[in-house]
There are 4 protein chains.
Amino acid sequence: MSSSQNSADQLRVGILGVGRIGSMHADLVANQVEGAEVAGVFDVYDEGAAAVAQRHDVAQFASAEELIASDDVDAVAICTSTDTHIDLLVAAAEAGKAIFCEKPLSLDLSEVDRGLAAATAAGVPLHVGFNRRFDAGHRSVRNAVADGVIGDLRQVAITSRDPAPPPISYINVSGGIFLDMTIHDFDMARYITGAEVVEVYAKGWVSVDPAIGEAGDYDTVTVMLTHENGVVTTIDNCRQSAYGYDQRVEAFGSGGAALSENHREHYGRTLTASGGSSALVPNFFLDRYIPSYVNQWVEFVAAVTNGEPTPVSGADGRAPLLMGLAANKSVAENRPVTIAEIG
Amino acid sequence: MSSSQNSADQLRVGILGVGRIGSMHADLVANQVEGAEVAGVFDVYDEGAAAVAQRHDVAQFASAEELIASDDVDAVAICTSTDTHIDLLVAAAEAGKAIFCEKPLSLDLSEVDRGLAAATAAGVPLHVGFNRRFDAGHRSVRNAVADGVIGDLRQVAITSRDPAPPPISYINVSGGIFLDMTIHDFDMARYITGAEVVEVYAKGWVSVDPAIGEAGDYDTVTVMLTHENGVVTTIDNCRQSAYGYDQRVEAFGSGGAALSENHREHYGRTLTASGGSSALVPNFFLDRYIPSYVNQWVEFVAAVTNGEPTPVSGADGRAPLLMGLAANKSVAENRPVTIAEIG
Amino acid sequence: MSSSQNSADQLRVGILGVGRIGSMHADLVANQVEGAEVAGVFDVYDEGAAAVAQRHDVAQFASAEELIASDDVDAVAICTSTDTHIDLLVAAAEAGKAIFCEKPLSLDLSEVDRGLAAATAAGVPLHVGFNRRFDAGHRSVRNAVADGVIGDLRQVAITSRDPAPPPISYINVSGGIFLDMTIHDFDMARYITGAEVVEVYAKGWVSVDPAIGEAGDYDTVTVMLTHENGVVTTIDNCRQSAYGYDQRVEAFGSGGAALSENHREHYGRTLTASGGSSALVPNFFLDRYIPSYVNQWVEFVAAVTNGEPTPVSGADGRAPLLMGLAANKSVAENRPVTIAEIG
Amino acid sequence: MSSSQNSADQLRVGILGVGRIGSMHADLVANQVEGAEVAGVFDVYDEGAAAVAQRHDVAQFASAEELIASDDVDAVAICTSTDTHIDLLVAAAEAGKAIFCEKPLSLDLSEVDRGLAAATAAGVPLHVGFNRRFDAGHRSVRNAVADGVIGDLRQVAITSRDPAPPPISYINVSGGIFLDMTIHDFDMARYITGAEVVEVYAKGWVSVDPAIGEAGDYDTVTVMLTHENGVVTTIDNCRQSAYGYDQRVEAFGSGGAALSENHREHYGRTLTASGGSSALVPNFFLDRYIPSYVNQWVEFVAAVTNGEPTPVSGADGRAPLLMGLAANKSVAENRPVTIAEIG
């Protein structure tokens, strides 16, 4: 795959925002996704966009509007800051483009609804970038549930811990840990169980950095979710993990359990008189999840190309926002909060 | 060690109740515990007591009172049904015997307090049989916390699932899942963290057998505990597990994590075109925990012999009862319940 | 099970030699083997025999001959030093007793043949104590081969390393590493493959303790065996292993592989910024193999009781001796040596 | 990195041969190696070269000679069929280019010597593509040896099995399993131990496909190597493995052991009443070794750029050829063969 293979059967993807995530998406689409190519990029940071455009020998658009309007763009990947997502999504929908939008759709529920309405009205495909659904290990847990391998589901446990917290400047615009970080786990809970969440009970506190607390956020949270079918999910999150990027999912049912366990940086180990010693969990999220991002693109491209539903729908993007808002309320009031209370 | 080596430096243990657990204690004391021996047994079921007495060539007492009063008994192991624990404990205390009492002390908080008061008044050693503290894997987690290996503790997760539920007749007298089964995990939470629990939030439901629900109990519970130091512990319990006796503990802190994982029936495995295949988790609780019961006796005997505090105190026996009562209330009212509300 | 339950349906086992191994056998038969009991013991070291006899409340015989002749003895367990095995085996056979003989039968092939002939002539059951066949993990590998789970067998790898070498005084009478230590792995190779060995190529050297070399032995050996069906087995042995008692078996076939892996002292582990850390392999052979010794007794008792072939036959005891003699010759001459050359 | 970032500080690599391996090298240099870029490609199969040239927007040379002579080429990667390696290597050396040559250098020892002499005479950097040295797991074993973590080395075990045999047409030109497949493990043995091999004993046979035997090759081999320092290495190879690409290395020393274990396709697993189940070992060699190829390029580029020795020297390319020739002789004559006998 490359820009030089431009042809009718390629899905031409325009990338809006080429910061850390957008730049990665551009590289993946350019190098690792059959059936798609980068059609061009835009970023308000001109030099960043220029570097990516040059690297892949593609157009650098003068504005988001221009990229969205281009006849050379079939699909728009929205990788800009969260507060700009919905405006761009609406514009792309009105232009009739297929849409790949990074999570979260928005921190504001009414904005999300405006975006979903626009996509529905335009009849365009909309996908929300919950990449972890495409991780082979997590997917094996979902499949074990969906295929009945572990019988009737009873309990789910999700552990997700970052190696190190982001800068306070990012914390300030993140929407808080529930909407920024736990939102992945809220989505995972729905993905694994295949069931909506009806109630949230959450504890949030500061154990990593007091500055995070001063910024009005928590850095460590534990959440209990009740699903419509009675299954209970627990989530453990922390912004700092000494041993790397801790990413685990576990499902328990009447017929057994399914687990998605951590990777290691490598599979060498030693045995000495001091005991066994093994490598760390990968420290960087891309070391763990690059294949999930590739798989996500492959499935998005296939869905759009074949006119099938996108793998993660707009509704899938909306539900975790409700859960995050419920979690914030639950911590504040120290009580279980129903989703019905939120929206 | 055996009854034929009766000597002045042996702790002579009288066993009250020789059902499944009491019989096991008799065998362990007789065969695997240096410095202790079985002094005699009593059970209301005469033939059961006779079999154990014959097996170890020791006295079968005519009554609990007689055993407790005997000059040949230094310590009394109370392994009878829960509702008889405190009366026997008080009698043994008044007779000046060291006491090893199976968990739970009682289902009734005022009874527990009566028992603890009697032991304190008599100045006798009292140990409560939370054997899992003596499991080498779980203890390694406690040590990693206590020794600072994983830094400041943040979150704990305990998973405990039985292979199959007990008969309904047992459910009826068990005091309910929180006081019968989760009580081990309540103790484990205090043991791992070294911190008291101040609040309990619990969900309990029936997913294994409707007859358990008809008996007024839950068979599946998820609990969130808040400790006095801010650490949050989650507990997942179920009365039925298809893959065996699931017993895991995990602690997470600023410096890393410590995990106690399941054993396997054996460590053979196969790799074929269908993937990897390994043995089950042991199905029977004794297959997992016999060494913990042996270690418990060794430490109890050493403590009594050396005049040191018993490894699990009367207060350690009382605290989990409060947590269990709080959990029952929490499920009933669907709200977090503080320990202070209970007692 | 105990000596006090003496009854007609118990196999009454007389133990000859109650050193480390014989004493263990006495304890296992007394406490853990249904259908068998200790009938009495004899040891040239009088006090050792007295202690074991007292512990199990059984007879201490005045001589091996007396024990063998006793009407209260159904089976004789020969646990004395290797050079006395065959004389005792012949005596027990002539007395019509079932025989459980520790490995190796003898270091002298003609002696072995004399013993086997006596047992055959007398028509008594003869079992040779290769306990590792009764380890659940190793057995799972054998079963995967025998049941066709891994298809047609191609290669086997056996790793067996002791925590620490025995004293030189023991080395001097051991028959050398191939007949003392590797003999277990020679047996394992036959057990796993179900096929005789036709050729041996071996390297032996000293890397642990020069004193072992001065005693004329090796402390480290690597062996390649060719089986009659073309399968090739490698064996790695060493008298010293810093990380514990290393005991592994691996079989590879057209349909996959089966592995028996090491145990750990416990299944706790930590993850910190320095990586993962886990417990040692058990250091003491009994920590690993006690269940195999119990299983061995259970199967021996069942075979004798039911008149079925013993699980490890006299021929199974003879074959590894040939392999050991071939290995010694192979190292000395640095060439592959056929079993046919030996006997 | 991309062709469009052509600049003075990039090592410009010309790729000779863009079949499966050469094409992969082109992609890696183009996309994943800082400090290097693809300068152009040549392949006798014109269309294959055109596709790679177009994909990376680089020159397609008309002949190997033209590529080697080009001023736009700093280093030549020789990825053609084995029988052409030395002629190209000599030409590149005479043109003063840095050389990256795929393994094996040649199947003919005198040819290898001609190549090494040319490189030495020209004073150009020469690297031989034993990529497995750059695998993080295998390297951790080498480091544990080199850093003394496992004390004085005693025994090494290498297991290497392909998922499926190559076509017979490839077998016919491969030089046989020892020079085509085991050669990686011969190199690994030298890499891990840091010691030359002085003697080889090998068994080779056919257990996968009789057609391989008819082609005069073995498909299954077991090898025992003796190193100059007394360490013994065993190698198990097979052309077919039902469970994937089996790649393991294990080193044992006076202070412990170091192991490099297999990866899994993912780290999900299930536990049911049938036992544990996990994912396969990756089936395709690139799934396992792509990072090692990237690391190899990074280290080669750094070495050439900094004027330091290449990570795998010409002598490192020669030694395994001797071992392979010795292994062939050993199987044919069923005796240990010294390296000194070969060359």
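Listed values, structure above:
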{"quantity": "In region B:164-188, the residues that are free of Cβ contacts under 8 Å to residues at least 60 places away in the same chain and either within 14 Å of chain A (Cβ to nearest Cβ) or part of a helix (DSSP H, G or I) (or both)", "calculated": "B:I168, B:S169, B:Y170, B:I171, B:N172, B:D185"}
{"quantity": "B:F130 vs. criteria touching a helix residue (DSSP H, G or I) at 6+ places or on another chain (Cβ under 9 Å), under 17 Å from B:G19 (Cα atoms), aromatic (F, W, Y) and buried (at least 20 other Cβ atoms within 10 Å of the Cβ)", "calculated": "no"}
{"quantity": "Residue in region D:300-312 that is over 30 Å from D:A30 (Cβ atoms) and among the small types (G, A, S) present", "calculated": "no"}
{"quantity": "Members of region A:197-217 that are within 11 Å of chain B (Cβ to nearest Cβ), closer than 30 Å to A:G230 by Cβ and not small (G, A, S)", "calculated": "A:E199, A:Y201, A:K203, A:W205"}
{"quantity": "When residues of region D:191-220 are limited to those that are assigned to a strand (DSSP E or B) and without any contact (Cβ under 8 Å) to a residue 60 or more places away in the chain, the one surrounded by the fewest Cβ atoms within 10 Å (Cβ to Cβ)", "calculated": "D:W205"}
{"quantity": "Count - residues of region C:86-123 that are touching a strand residue (DSSP E or B) at 6+ places or on another chain (Cβ under 6 Å) and either in the same structural domain as C:L325 (by TED's automatic domain parsing) or farther than 25 Å from C:I171 by Cα (or both)", "calculated": "5"}
{"quantity": "Filtered residue count, region D:287-304, keeping only those that are crowded, with 17+ Cβ neighbours inside 10 Å and more than 26 Å from D:P125 (Cα to Cα)", "calculated": "1"}
{"quantity": "Residue within region A:62-76 that is closer than 24 Å to A:D187 by Cα and at pLDDT 95 or above present", "calculated": "yes"}
{"quantity": "Hey, B:V223 assigned to a helix (DSSP H, G or I), within 12 Å of another protein chain (Cβ to nearest Cβ) and not small (G, A, S) or not", "calculated": "no"}
{"quantity": "Checking D:D9 against (1) out of contact with any strand residue (DSSP E or B) (no Cβ under 8 Å at 6 or more places or on another chain); (2) within 22 Å of D:P291 (Cα to Cα); (3) surrounded by fewer than 23 Cβ atoms within 10 Å (Cβ to Cβ), the condition it does not meet", "calculated": "(2)"}
{"quantity": "Candidate set: region D:125-153, residues that are more than 14 Å from chain A (Cβ to nearest Cβ) and part of a strand (DSSP E or B); chosen: the one farthest from D:N237 (Cα to Cα)", "calculated": "D:L126"}
{"quantity": "Members of region C:9-30 that are over 14 Å from C:L286 (Cβ atoms) and in contact with an Asp or Glu (Cβ under 9 Å, 6 or more places away or on another chain)", "calculated": "C:Q10, C:L11, C:R12, C:V13, C:G14, C:I15, C:L16, C:G17, C:V18, C:V29, C:A30"}
{"quantity": "Meets criteria (free of Cβ contacts under 8 Å to residues at least 24 places away in the same chain, buried (at least 22 other Cβ atoms within 10 Å of the Cβ) and on the phi < 0 side of the Ramachandran plot) for A:R239", "calculated": "no"}
{"quantity": "Lone unmet requirement of (1) within 11 Å of another protein chain (Cβ to nearest Cβ); (2) under 22 Å from C:G256 (Cβ atoms) for C:G194", "calculated": "(1)"}
{"quantity": "Some residue of region D:104-116 being closer than 25 Å to D:Q32 by Cβ and of a type in the set (S, T, N, Q)", "calculated": "no"}
{"quantity": "Hey, D:A332 closer than 30 Å to A:T272 by Cβ, among the small types (G, A, S) and either outside the structural domain of D:G115 (by TED's automatic domain parsing) or out of contact with any Leu (no Cβ under 7 Å at 6 or more places or on another chain) (or both) or not", "calculated": "no"}
{"quantity": "Among (1) of a type outside the set (S, T, N, Q); (2) surrounded by fewer than 24 Cβ atoms within 10 Å (Cβ to Cβ); (3) at the interface with chain A (Cβ under 8 Å from one of its Cβ atoms); (4) without any contact (Cβ under 8 Å) to a residue 40 or more places away in the chain - the single one D:G268 does not satisfy", "calculated": "(2)"}
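Results for (1) touching a residue at least 60 places away in the same chain (Cβ under 8 Å); (2) surrounded by fewer than 23 Cβ atoms within 10 Å (Cβ to Cβ); (3) within 11 Å of chain C (Cβ to nearest Cβ), shown as yes or no for each residue.
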residue: B:Q247; (1), (2), (3): yes, no, yes
residue: B:G253; (1), (2), (3): yes, no, yes
residue: B:V281; (1), (2), (3): no, no, yes
residue: B:N306; (1), (2), (3): no, yes, no
residue: B:T310; (1), (2), (3): yes, yes, no
residue: B:A315; (1), (2), (3): yes, yes, no
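The values are calculated or read from the model by the stated rules, or taken from the named source; none is laboratory data. Since the structure is predicted, the reported quantities are computational estimates derived from the model, not experimental observations. Neighbour counts run over all protein chains shown; Cβ positions are idealised from the backbone, glycine included.
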